[in-house]
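Before any comments, here is the structure.
The values are calculated or read from the model by the stated rules, or taken from the named source; none is laboratory data. Model, not experiment: these values are computed from the prediction. Here Cβ is always computed from backbone atoms with ideal geometry, including for glycine, and neighbour counts include all displayed protein chains. These area figures cover heavy atoms from the full protein model, side chains too; ligands, DNA and RNA do not enter into them. Shrake-Rupley method; radii C 1.70, N 1.55, O 1.52, S 1.80 Å.
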Amino acid sequence: MVRAVVVGGSSGMGSAFARHAVRQGGEVIICSRSQEKLDKAADAIASAGGEGARERVRTKVLDNTNEEEVKKFFEELPPSSFDALVVTALGRAAHGSFLQLETSKAREVMEGKLWGPWYCAKYGAPKMAAGGAIVFVSGVLNRRPGLNCSPLGAANGAVEALTRSLALELGPQLRVNCLSPGFVDTERFDHMEAEKKTQMMDATAASLPLKCVGDPDVIGEALYFLATNKFTTGVVLDVDGGHQIRQYALPNDVYHSLRASGTLPAIFQLQP
Ligand SMILES: NC(=O)c1ccc[n+]([C@@H]2O[C@H](COP(=O)([O-])OP(=O)(O)OC[C@H]3O[C@@H](n4cnc5c(N)ncnc54)[C@H](OP(=O)(O)O)[C@@H]3O)[C@@H](O)[C@H]2O)c1
């Protein structure tokens, strides 16, 4: 039975992990910036866990980019009170051409994607039970970059490097792993126009060996594996429908000529 702190647990992959953990008899503290979202998510997570499960789902408002807030949250938890720390949190991430995107926007992505998990691990690890695990989330854009996605690409690479460093430094007390998802149909894309979102998901699915984008529940199970498997540490697990080996939807020369003439259809521009 896992006792987990899930930073980013009010939505998407974090919620899916929490649902799976609670279904297996575990208990979770889900954290995010909005109490309203947390309450809604806690009810949904508990309903997947059956009778009495609501008592095993607690909530905490936390902005993981605020180091003092993160420090205080973990300081207030009793020693050895949890054995999994899963960090999926990330707000809206800036996209844009490398030469034009304001540096401050790229820094914000680093704040959320690298420094947030960094603070959680730094202050959470000393409070974790021996034998427990930290799980971070990166993403395909590190090794399969997309146009206009340099901030997320760089941040994902940094998270993967941090995973390996911490696995070495925090072992054997703790294990540290990272999940690298491909496109997964979570609330992350809810701000998009429905038609554009469908086009983006369909175009991505068509380019993948498995011809589909990810289901959050499948990611939740993979996060659970990384959190609980006792002989797994320092790994980056790709759960991406084969994204690393996908083929381009258009031949390269056609793609570049459409792009150069400014007539590349939106369907091939895979960023939100
Ligand atoms: N979905 C994909 O296709 C995809 C692909 C590759 C990688 N990823 C990565 O996977 C991770 C999870 O993505 P997702 O799709 O599950 O996202 P999501 O559905 O948007 O969920 C993000 C969660 O993080 C919380 N959050 C955001 N900023 C926070 C902060 N500063 N402090 C604490 N909580 C915060 C959000 O709640 P509040 O708004 O209430 O704070 C929400 O619970 C992200 O790191 C993302 O980059 C996703």
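Observations on the model:
- Selection count where residues are loosely packed, with under 15 Cβ neighbours inside 10 Å, within 16 Å of the ligand (Cβ to nearest atom) and among the aliphatic types (A, V, I, L, M), scope the stretch 1-43: 0
- Number of positions in the stretch 198-227 that are of a type in the set (Gly, Ala, Ser) and more than 14 Å from GLY182 (Cα to Cα): 1
- Checked against (1) open to solvent by less than 40 Å² (accessible area, probe 1.4 Å); (2) within 23 Å of GLY171 (Cβ to Cβ), PRO151 passes all but condition (2).
- Residue that is farthest from LEU170 (Cα to Cα), among those in the stretch 185-227 that are open to solvent by less than 50 Å² (accessible area, probe 1.4 Å), more than 13 Å from the ligand (Cβ to nearest atom) and modelled with pLDDT of 95 or more: TYR224
- The helices (runs of 4 or more DSSP H) located wholly in the stretch 137-248 that include 1 or more residues which are under 16 Å from the mean Cα position of the chain (by Cα) and among the polar types (S, T, N, Q) occupy 150-170.
- Residue match in the stretch 200-213 (condition: in contact (Cβ under 8 Å) with a residue 40 or more places away in the chain and closer than 15 Å to THR88 by Cβ): no
- Of the residues making up the stretch 85-121, those that are touching a residue at least 40 places away in the same chain (Cβ under 8 Å) and of a type in the set (Lys, Arg) are ARG92, LYS105, LYS113.
- GLU55 near the ligand (Cβ under 10 Å from one of its atoms) and open to solvent by 10 Å² or more (accessible area, probe 1.4 Å): no
- When the stretch 110-123 is limited to residues that are near the ligand (Cβ under 9 Å from one of its atoms) and over 10 Å from VAL87 (Cα atoms), the one that is surrounded by the most Cβ atoms within 10 Å (Cβ to Cβ) turns out to be GLY112.
- Take the conditions (1) over 13 Å from the mean Cα position of the chain (by Cα); (2) not in a helix (DSSP H, G or I); LEU258 misses just one of them, which is (2).
- For first residues located in the stretch 138-162 and within 11 Å of the ligand (Cβ to nearest atom), partners that are open to solvent by 10 Å² or more (accessible area, probe 1.4 Å) and basic (Lys, Arg) and lie 6+ apart or on another chain with Cβ distances below 8 Å form the pairs ARG144/ARG246; PRO151/LYS105; LEU152/LYS113; ALA155/LYS113; ASN156/LYS113; VAL159/LYS113.
- Hey, SER47 open to solvent by less than 40 Å² (accessible area, probe 1.4 Å) and at negative phi or not: no
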